[in-house]
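Values in this text are rule-based calculations from the coordinates and carry no lab data. Keep in mind that this is a model prediction, so the values were computed, not measured. Ideal geometry is used to build each Cβ from the backbone, glycine not excepted, and the neighbour counts take in all protein chains shown.
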Amino acid sequence: MSRPSSGTAATIMIELDGVELTLPSAAGPVHILRGLDLVIGRGETVSVVGPSGSGKSSMMMIVAGLERASKGAVTVGGTRFNGLDEDTLARFRRDSVGIVFQDFHLVPTMTALENVAIPLEFAGRDDAFERAAECLEAVGLGHRLTHYPGQLSGGEQQRTALARAFAPGPDLLLADEPTGNLDGETGQQIIELLFQLQAEHGTTLVLITHDPQLAARCARSVKLLDGLIVDDVANGGTKYGDPAASAAGL
Ligand SMILES: Nc1ncnc2c1ncn2[C@@H]1O[C@H](COP(=O)(O)OP(=O)(O)O)[C@@H](O)[C@H]1O
Ligand SMILES: [Mg+2]
């Protein structure tokens, strides 16, 4: 992956500039994202909120490099996505971006250990299995290494997904409604773990959620509505981009 070379790139994790996403549908093109401008600094914790269908997951897919913007510029960790070929993009994602989904996305035919280790092996790490075991122990699953996803509870599956996401030591963690499929208490445990790992690693966190309490755990909240950013506030209430916020060094 390319490393940020300028002072600005060294402090910026995500930069979206006029990002649009238009996809075809039977009824004609759908304008899903309609011009997003967003800068997220390294180490920030940002929640993304907004009603269902407002474009939160689509924005995440673009930041992850899993979906290409139809228009505008996407730069993540100093790497500009526009024009990158799929292999380079996939390598960047593998090394720098951890992703956690609502429905876990574990490979059902692999054990917990393999789910975490195989991506590390693909990344060329010869300590893949040791590292994977260590990460699973860190999320409290040291006793479940050889279990398949179907033999794990929802909370355990999401712990496995968290271990997988953090194992390569990503600069950026993207989480799309990570507690959406879990009961309240289990969800709470996952969130505690997520923030603990984030703090330990200093990872930039973008957390999609419709839970206001959870959103408030992040230092900043971005609100989407109908494919546009309609609010961007520091939790505490200061608007990003406001003169007052700039004066405060935000
Ligand atoms: N592949 C697709 N083709 C057409 N429309 C899509 C596609 N994926 C998502 N959409 C539409 O884009 C809008 C935003 O979806 P999404 O990003 O999933 O929103 P959210 O995560 O905020 O619920 C929705 O109206 C959805 O129906
Ligand atoms: Mg969504």
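Results, tabulated for the structure shown:
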item	result
Angle between the chain longest axis and helix 86-96 axis [Cα atoms, degrees, rounded to 10]	70 degrees
Unit charges at the beta carbon, dipole of region 7-247: most positive-side option, M110, F92, G227	G227
Computed magnitude of the charge dipole of region 1-141 (debye, nearest 20; Cβ of K, R +1, Cβ of D, E -1)	500 debye
For K239, residues with placed amide H under 5 Å, excluding near neighbours	A234
Dipole of region 7-247, positive direction: furthest Cα of S153, I40, I208, with charges on the beta-carbon	I40
Region 16-30 - phi-based ³J(HN,Hα) in whole Hz, Karplus 6.51/-1.76/1.60, Gly and Pro as x	10, 10, x, 6, 10, 9, 10, 10, x, 9, 4, 8, x, x, 10
Cα gyration tensor category, rounded, prolate or oblate, for region 131-250 with a/c compared to 1.5	prolate
Cα long-axis angle, helix 154-166 against the chain (0 to 90 degrees, to the nearest 10)	70 degrees
³J(HN,Hα), Karplus 6.51/-1.76/1.60, whole Hz, each residue of region 56-63, x for Gly, Pro	4, 5, 4, 4, 5, 4, 6, 5
Student exercise, the chain dipole from Lys, Arg, Asp, Glu Cβ charges, in Debye to nearest 20	420 debye
For L21, residues with placed amide H under 5 Å, excluding near neighbours	I32, L33, R34, G35, S70
Percent antiparallel among DSSP beta bridges (both partners in the chain, rounded to 5)	60 percent
Amide hydrogen neighbours beyond the local backbone of I229, cut-off 5 Å, H modeled	D37
Convex hull of region 7-247 built on C-alpha atoms - directionally averaged projected area, nm²	14.1 nm²
Taking all pairs of distinct alpha-carbon atoms in region 44-109, Kirkwood radius in angstrom	13.5 Å
Degrees, to the nearest 10: 112-122 long Cα axis against longest axis of the chain	60 degrees
Dipole magnitude of region 134-250 about its Cα centre (Cβ charges: Lys, Arg +1; Asp, Glu -1), debye to nearest 20	100 debye
Using θ = phi - 60° and Karplus 6.51 cos²θ - 1.76 cosθ + 1.60, couplings along region 185-196 (whole Hz; Gly, Pro as x)	5, 5, x, 4, 5, 5, 5, 4, 5, 4, 6, 5
Among G78, L197, M60 - extreme Cα towards positive end, dipole of the chain, charges at beta-carbon	G78
Residue order, fewest to most beta carbons within 10 Å, for T146, T88, T79	T146, T88, T79
GNM result for the chain, Cα springs below 10 Å: residue of Q157, Q198, Q213 fluctuating most strongly	Q213
